[in-house]
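Engineer: There's a structure below that I have some questions on.
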Amino acid sequence: MKTLYGSIPDEIESLVAGQGLPKYRAVQLLDWIYKKNVLAWDEIRNLPKEMIQKLSGEIRLTALEPGEEKKAVAGGPTKFLFKTADGHFLESVLISRQDSSDDESEEAVVRGGRETVCVSTQLGCKIQCAFCASGQGKFTRNLTAGEIVEQVARIGRVTGKKITNVVFMGMGEPLDNFDATLRAVHILIEPWGFAFGARRVTVSTSGITPKILEFVKAVDGRVRLSVSLHSSIDEVRSSLVPINRRYPLKDLVSALRKINQDLKRDITFEYTLIADLNDSEEEVEGISIIAKPLRAKINVIPYNPIAEFPHKAPTPEAAERFCEQLKRRGLHVTLRQTVGRDIDAACGQLRLDRARRTA
Ligand code: SF4
């Protein structure tokens with residue numbers, strides 16, 4: 001059965017028209033789900049009971065059930081585990097920051113002043129990045145747009161916090177679930193939906209080059225694009241992000257140049273820094289060659305070790321040094337804290353643990 005979460009105005013209008021109800025009822029329903037984030041039919045107050053009864057026989061309101069919540073140290077991120085209607089688990093993270101700056105930059109999203117939900121887009125991930133727990137687990141299926149946006153609604157409701165930003169950086173490769181990601185983005189940014197400012201929504205990709213161009217055009221470049229770089233050397237990048245064999249750096253960078261020059265859109269690179277693997281002088285030089293012409297920002301994230309990829313995190317001093325070297329080359333760099341080292345919050349890790357516990 002379809003769900004109201006994930007539906008767009010045309011679909012809800014057809015639904016209410018099918019019940020012989022006036023069009024304005026569709027507007028009310030949209031408001032209840034995407035603005036008030038109701039999670040049960042009886043929370044909807046201004047619609048006739050008979051209408052609710054008929055609707056609930058035709059469509060489900062929600063697609064997820066609450067799972068566990070795991071909080072890191074004070075001020076750290078909180079992880080949420082949700083259960084899908086077909087019995088799978090997916091995870092989302094809430095990152096709360098104190099800074100109340102109005103700065104809309106990507107750094108500010110990371111640095112503070114906001115409540116950022118990191119959503120998952122797939123159950124598992126086919127990309128299989130070497131350092132990522134999601135990539136080690138089995139790929140089960142794509143999430144629906146409803147399952148994606150409902151993560152935002154549920155976390156807002158459970159915590160009572162006003163969610164200010166959404167990043168597509170959880171489990172899964174958003175552009176490998178293209179249609180649902182695109183629909184979810186529209187629901188998040190359109191005035192009839194959650195109405196987030198488009199610059200408060202970031203979609204992150206491992207680098208599916210043709211899909212990047214298609215996506216940027218489809219959203220008219222409105223939302224932020226973040227690309228997982230992780231190495232400036234093809235051989236190293238292919239060992240970390242296997243899709244690099246299919247879409248090597250040369251193709252990726254030329255697509256990003258097109259986006260930056262023709263469409264005038266900013267790019268952010270994510271760089272997971274792994275001790276003795278991608279922290280060399282050669283990498284610093286290579287990153288500079290790639291990022292400088294794009295005027296791209298670089299988020300350096302110290303590796304959060306997982307059992308399946310036995311490499312070390314850089315020391316805090318080494319991570320600082322790496323960032324300083326990039327900055328000296330005129331690059332815009334932010335050293336980010338690993339999200340939730342204390343709560344096994346490397347991408348996909350909580351779900352993997354759960355799968356192991358229930359296996
Ligand atoms: S890092 Fe992202 S793209 Fe890579 S395996 Fe993990 S979830 Fe997939």
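Residue-wise test of (1) crowded, with 17+ Cβ neighbours inside 10 Å; (2) touching a residue at least 24 places away in the same chain (Cβ under 8 Å); (3) in contact with a strand residue (DSSP E or B) (Cβ under 8 Å, 6 or more places away or on another chain).
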| residue | (1), (2), (3) |
| --- | --- |
| Ala275 | no, yes, no |
| Glu283 | yes, yes, no |
| Ser288 | yes, yes, no |
| Pro293 | no, yes, no |
| Lys327 | no, no, yes |
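Engineer: Is it the case that some residue within the range 148-161 is within 15 Å of the ligand (Cβ to nearest atom), open to solvent by 20 Å² or more (accessible area, probe 1.4 Å) and in the same structural domain as Phe215 (by TED's automatic domain parsing)?
Structural biologist: no
Engineer: Is there any pair with a first residue in the range 301-317 that is assigned to a loop (DSSP other than H, G, I, E, B) and a second that is of a type outside the set (Phe, Trp, Tyr) and open to solvent by 70 Å² or more (accessible area, probe 1.4 Å) whose Cβ atoms are under 6 Å apart and which are 6 or more apart or on different chains, and what are they?
Structural biologist: Cβ pairs passing all conditions: Asn304/Arg341; Glu308/Gln136.
Engineer: Would you point out the residue of the range 240-287, among those that are more than 24 Å from the chain's Cα centre (by Cα) and among the charged types (D, E, K, R), that is nearest to Leu213 (Cα to Cα)?
Structural biologist: Of everything passing the filter in the range 240-287, Asp262 is nearest to Leu213 (Cα to Cα).
Engineer: On the given criteria, is Ser206 surrounded by 16 or more Cβ atoms within 10 Å (Cβ to Cβ), out of contact with any helix residue (DSSP H, G or I) (no Cβ under 8 Å at 6 or more places or on another chain) and among the hydroxyl-bearing types (Ser, Thr, Tyr)?
Structural biologist: no
Engineer: Filter the range 166-176 down to residues that are buried (at least 24 other Cβ atoms within 10 Å of the Cβ) and part of a strand (DSSP E or B) and give me whichever is farthest from the ligand (Cβ to nearest atom).
Structural biologist: Val166
Engineer: Return yes or no: is Ala307 among the small types (Gly, Ala, Ser) and more than 23 Å from Ser134 (Cα to Cα)?
Structural biologist: No, not satisfied.
Engineer: In addition: Exactly one condition in (1) free of Cβ contacts under 8 Å to residues at least 24 places away in the same chain; (2) open to solvent by less than 10 Å² (accessible area, probe 1.4 Å) is false for Val201; which is it?
Structural biologist: With respect to (1) free of Cβ contacts under 8 Å to residues at least 24 places away in the same chain; (2) open to solvent by less than 10 Å² (accessible area, probe 1.4 Å), Val201 is out only on (1).
Engineer: Kindly list the number of the only condition in (1) closer than 23 Å to Asp31 by Cα; (2) assigned to a helix (DSSP H, G or I) that fails for Phe194.
Structural biologist: Exception for Phe194: condition (2).
Engineer: Every residue in the range 225-266 that is charged (D, E, K, R) and either in contact with a Lys or Arg (Cβ under 6 Å, 6 or more places away or on another chain) or within 16 Å of the ligand (Cβ to nearest atom) (or both), please.
Structural biologist: Arg237, Arg245, Arg246
The values are calculated or read from the model by the stated rules, or taken from the named source; none is laboratory data. Quick caveat, the model's predicted, so the values are computed rather than measured. With ideal geometry, Cβ positions are generated from the backbone for all residues, glycine too; neighbour counts draw on all protein chains shown. The accessibility values were calculated without ligands, DNA or RNA, using every heavy atom of the protein model including side chains. Shrake-Rupley method; radii C 1.70, N 1.55, O 1.52, S 1.80 Å.
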